[in-house]
Structures are given as structure tokens and as C-alpha cells.
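Bear in mind these aren't lab numbers, they're just calculated from the coordinates by the rules spelled out. Quick caveat, the model's predicted, so the values are computed rather than measured. When we count neighbours, we look across all protein chains shown, and the Cβ atoms used for this are built from the backbone with ideal geometry, even at glycine.
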Amino acid sequence: MAASVCGAATLLCDPLRHGRTADRTPVLSFPRRSENRRSVRAGRDLQSSRERLGLSWRRSRVAVSAVSGPAGAESSAVGGDTVDSLDDVKVFDLSGNAVPISDLWKDRKAVIAFARHFGCVLCRKRADYLAAKKDIMDASGVALVLIGPGKVEQAKAFSEQTKFQGEVYADPNHSSYEALRFVSGVTTTFTPGAGLKIIQSYMEGYRQDWKLSSEKDTVSRGGWQQGGIIVAGPGKNNISYIHKDKEAGDDPPIQEIMRACCS
């Protein structure tokens with residue numbers, strides 16, 4: 001058995017085996033000076049290649065961040081077709097007035113959060129998570145807005161229950177969600193990550209409003225809609241940052257949003 005083990009792992013069992021003569025006497029060989037120089041040069045070339053590769057990788061990461069995160073004043077994080085689709089989208093304020101969605105950021109910069117629905121426990125946590133930075137947004141002249149899929153009455157109930165410090169709008173037709181291509185589906189709602197976030201939210205004192213969650217326009221779509229967050233304006237075509245939730249409760253790091261809106 002020992003012989004078979006050594007046959008399978010020669011270097012572990014007899015590390016000097018390949019450096020011995022027939023009489024089992026170890027043969028020690030030393031590299032020539034020229035070989036040493038070549039080895040040193042090869043080591044330096046390898047290190048230089050690694051450094052260049054690392055620099056290239058870091059540059060590529062910066063480029064990706066610039067595309068997916070905040071962009072310049074004249075650039076957009078979404079395609080022109082998405083911007084065009086938003087032209088026809090209207091949301092409703094708490095008084096029931098229809099407002100073209102791009103008017104929310106046409107003349108100002110705004111952070112706009114899109115809720116799953118107005119009864120969602122995770123959306124109530126998102127509202128607080130953003131409102132905690134409202135003083136910084138105010139100092140930077142940035143508006144804080146939340147849009148939810150549902151009726152104006154639902155938006156009013158959400159605003160009263162949460163005491164949300166920003167503006168609240170209703171999108172009863174889900175038009176903004178469709179224009180921005182936010183995902184929807186059972187598999188994006190019932191995930192292990194979302195389940196853990198719901199438990200954590202309940203432990204922190206947040207609660208689902210089952211009455212709002214059971215409204216017909218929410219139930220008719222299964223309650224599977226996911227939301228996201230954008231930073232937009234000034235200028236109706238200037239959406240400089242977009243985060244699309246991959247699952248329920250998929251909040252981006254707050255520092256990422258603050259860099260996009262207030263840096």
C-alpha cells in the first residue's frame with residue numbers, strides 16, 4: 001500500500017528522487033551565473049506584467065463604474081429609447097393631479113425611489129433609508145421623491161403612515177416601471193435574500209400593510225413588481241444614475257446614491 005501511495009504522490013513521498021543517481025546519492029546542482037541573471041530578468045518581467053495587468057484591470061473597473069453609476073451632466077445612464085418612453089409617462093400627486101414624470105427632474109436634480117407597492121414592508125424601510133440623508137440632499141438642492149404603483153388613495157395612506165419626508169406620487173398604470181424596464185415576477189420576489197430582509201425589517205419594527213397590499217390593482221399583478229432608484233436632472237433627458245432591483249429589498253449602498261446625487 002505504501003508503494004502505491006508513493007507512486008501516486010512521488011514528490012510528497014520522496015522529494016529528492018528525481019535528483020539522485022543510481023546509487024541513491026543526492027546530486028546537488030547550482031545554477032550558473034548567466035542562468036541566475038536570466039532568472040532575475042524573468043522575475044522582473046513577470047512582476048512588470050502583473051503590474052500592467054493590475055493597472056489594466058483597475059482601469060476597466062473604473063470604466064464600468066462610470067457607466068453604471070453617476071455620469072456627467074450631459075450623459076445618461078439609460079438609453080435614448082428609455083428616455084423617449086418616459087415622455088409619455090404621467091404620475092399623480094397626492095391631490096390627484098397628473099404630472100409628466102420628467103417634470104420631477106426637468107428643472108432640478110432628484111433622487112427618485114420606485115417602491116414595489118405601497119403596502120410593501122421593504123419599501124417602508126427604503127423610504128427611511130433615503131430620508132435619513134435628506135438633510136444632505138436639501139443642502140445640495142436635491143429633491144427626494146418616491147413613486148409607487150397604485151392609486152392616489154394608496155399613495156396618501158403610505159405618506160400618512162410612514163411620515164415620509166419627500167414627495168410621493170402614484171403610478172396606477174405602472175407606466176414608469178415599464179418604461180424603465182424594472183423586473184417583475186415570482187422568482188424575483190420569493191428569494192432567500194428577500195426572505196431574510198423581510199425578517200430583519202420586522203425585527204427592526206417595520207410592518208407590511210396588508211390592506212394596501214390586498215388592493216385590487218396590486219393583487220391583479222400578483223404583487224411581483226420590483227422597483228429601483230434613479231438620480232436624474234436637471235434636464236428631462238439627464239438620468240445620471242439607475243439601480244434596478246434584482247429582487248425584493250435590493251437596496252444599493254447609500255454611499256453610491258449620495259455620490260450620484262450630492263458629490
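Structure values in brief
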quantity	calculated
In Hz, Karplus ³J(HN,Hα) per residue of region 178-187 (6.51, -1.76, 1.60; θ = phi - 60°; x = Gly, Pro)	6, 5, 8, 6, 6, 6, 8, x, 4, 5
At q = 0.14, 0.17, 0.19, 0.21 Å⁻¹, base-10 log of I(q)/I(0) for region 153-263 (Debye sum, equal scatterers on each alpha carbon)	-0.71, -1.08, -1.37, -1.60
Flagged links, alpha-carbon separation over 20 Å, of K156/K244; K197/K246; K109/K246	K156/K244; K109/K246
Net lengthening on full extension, I136/V186 (0.36 nm per residue, minus Cα-Cα)	14.4 nm
About the Cα centre, charge dipole magnitude for region 223-262 (Lys/Arg +1, Asp/Glu -1 at Cβ), debye	240 debye
Given charges at beta-carbon only (K, R positive; D, E negative), |dipole| of region 122-251 in Debye	100 debye
